Each structure stands twice: as C-alpha cells, then as structure tokens.
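Worksheet: the structure to be examined is printed underneath.
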Amino acid sequence: NAGVTQTPKFRILKIGQSMTLQCTQDMNHNYMYWYRQDPGMGLKLIYYSVGAGITDKGEVPNGYNVSRSTTEDFPLRLELAAPSQTSVYFCASILQGANTEAFFGQGTRLTVV
Amino acid sequence: RKEVEQDPGPFNVPEGATVAFNCTYSNSASQSFFWYRQDCRKEPKLLMSVYSSGNEDGRFTAQLNRASQYISLLIRDSKLSDSATYLCVVNGAPNFNKFYFGSGTKLNVKP
C-alpha cells in the first residue's frame with residue numbers, strides 16, 4: 001500500500017518555466033489537498049478537491065492550477081515559475097472531510113532560480 | 001487575522017519534563033481539531049485528534065476550549081524522540097473541507 005506518492009522529490013526551475021507536480025493516492029480517498037510550506041512556516045493551502053471533477057481554491061492559489069480527472073490523481077501545475085514559489089509542496093488525502101486523518105506525501109522541494 | 005496561531009518556540013526542555021503547547025483559532029464555527037507532528041524535512045503525520053471532552057494517548061493529552069477558542073497539547077515525561085515540530089490544525093467554516101495549519105511549535109528535548 002503506497003499511500004500518497006509525490007513526484008518529483010526535488011526540482012530546480014528557472015524563472016518563467018512551467019512544471020507539473022504529480023500526486024497519486026491509492027487509498028480511494030475522496031478529498032485531496034495541495035499545501036506549500038516555506039522555511040520555518042506552517043502549511044498554506046493552495047488548492048483542494050472533494051472528488052473527481054471538483055476543485056476549489058485555498059489560501060494561496062495564485063500562480064497555480066489543478067485538475068482532478070480521477071479519484072487517484074491530483075496534479076498541481078505551476079505556470080511561469082517565480083522565485084516566490086520556492087517552497088516545499090505537500091499533497092495530502094483524506095477519506096472524508098472531518099475528523100479523519102490526512103495522509104501526506106513525502107513532499108516536493110522546488111527551487112526557482 | 002490568521003486562522004490558526006501558535007507560539008513558534010523553540011521549547012527547549014530536559015528529558016522527563018512536562019511541556020504544554022497552546023494554539024488559538026479564529027473561527028468559532030470550526031468543528032475539527034488536530035495535532036500533527038513534523039520531523040525535520042519530513043511530511044506531517046497525525047499525532048492525535050482533539051475532542052470536545054479532551055483526550056489522552058499515553059503521554060500525550062489534548063484539550064479543546066471552545067469558549068476561548070484554543071486547543072492545547074500536553075506532553076508528559078518528554079523523550080528525546082519527542083523532538084519535532086508540532087502543528088495545530090483546524091478546519092474551516094462554513095467550508096469544513098478546508099484545513100488550516102498553524103506555523104508549528106518546535107520542541108527540543110535535551111538529554
């Protein structure tokens with residue numbers, strides 16, 4: 001049982017480049033989330049999804065896009081990377097919305113130079 | 001105002017000490033509360049949920065005070081392995097599907 005898998009683990013992007021961070025879960029969870037964590041800070045919600053075909057913005061959605069075509073996958077797209085997007089990105093999934101454990105992937109460390 | 005606020009610490013305590021962390025949240029309608037633990041450069045993992053009546057798991061006790069809008073985590077008999085960052089998590093309202101994280105409280109347990 002792999003849980004939540006994120007790829008890549010590390011990436012260096014140049015300013016203006018684009019990339020997709022992949023997130024896959026094999027637990028048949030309905031809800032999936034993307035967070036970013038800047039050094040010494042907590043996690044900020046970027047986007048989330050409550051099911052296939054449904055996505056919504058979190059606290060810091062600007063500069064990102066998501067899609068949820070299947071229950072398993074929730075990719076995060078960065079268009080026109082900026083240094084401010086240097087961060088660690090975590091994907092998480094939850095079986096249902098409240099009072100249940102969120103399972104996190106191991107994170108993607110992104111540096112924009 | 002931030003959804004969730006925590007004292008960043010660090011809390012430096014000797015082994016065997018009792019240490020307590022508090023976390024305040026801004027939305028009185030929030031319904032779900034958690035403590036997560038995050039080790040250095042790792043993903044967060046659930047430590048415990050926080051229930052209205054308070055709950056205990058071994059050396060860890062979590063409490064919720066709805067009137068004052070804060071949750072607490074008490075760690076008794078601290079171990080070296082308890083050294084980590086502890087994140088307070090609260091769900092949003094009226095959209096209960098959003099989960100907000102505090103910035104974390106760092107705990108260093110010294111020999």
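The values are calculated or read from the model by the stated rules, or taken from the named source; none is laboratory data. Given the structure is predicted, the values throughout are model-derived calculations rather than measurements. Cβ atoms come from the backbone with ideal geometry, glycine included; neighbour counts cover every protein chain shown.
Looking across the stretch B:77-101, the residues that are away from chain A (no Cβ under 14 Å) and more than 14 Å from the chain's Cα centre (by Cα) come down to B:Asp77, B:Ser78, B:Lys79, B:Leu80, B:Ser81.
Determine whether B:Ala20 is surrounded by fewer than 15 Cβ atoms within 10 Å (Cβ to Cβ), in contact (Cβ under 8 Å) with a residue 24 or more places away in the chain and assigned to a strand (DSSP E or B). Criteria met by B:Ala20. Scanning the stretch B:36-73 for residues that are in a loop (DSSP other than H, G, I, E, B), more than 15 Å from B:Tyr25 (Cα to Cα) and away from chain A (no Cβ under 11 Å) yields a count of 6. For B:Val90, the conditions (1) in a loop (DSSP other than H, G, I, E, B); (2) under 18 Å from A:Tyr35 (Cβ atoms); (3) in contact with a Ser or Thr (Cβ under 6 Å, 6 or more places away or on another chain) are fulfilled apart from (1). For first residues located in the stretch B:42-69 and more than 16 Å from B:Gly102 (Cα to Cα), partners that are in a loop (DSSP other than H, G, I, E, B) and at pLDDT 95 or above and lie 6+ apart or on another chain with Cβ distances below 6 Å form the pairs B:Arg59/B:Arg76; B:Arg59/B:Asp77. Between A:Arg11, A:Arg109, the distinction of being assigned to a strand (DSSP E or B) and within 12 Å of another protein chain (Cβ to nearest Cβ) belongs to A:Arg109 only.
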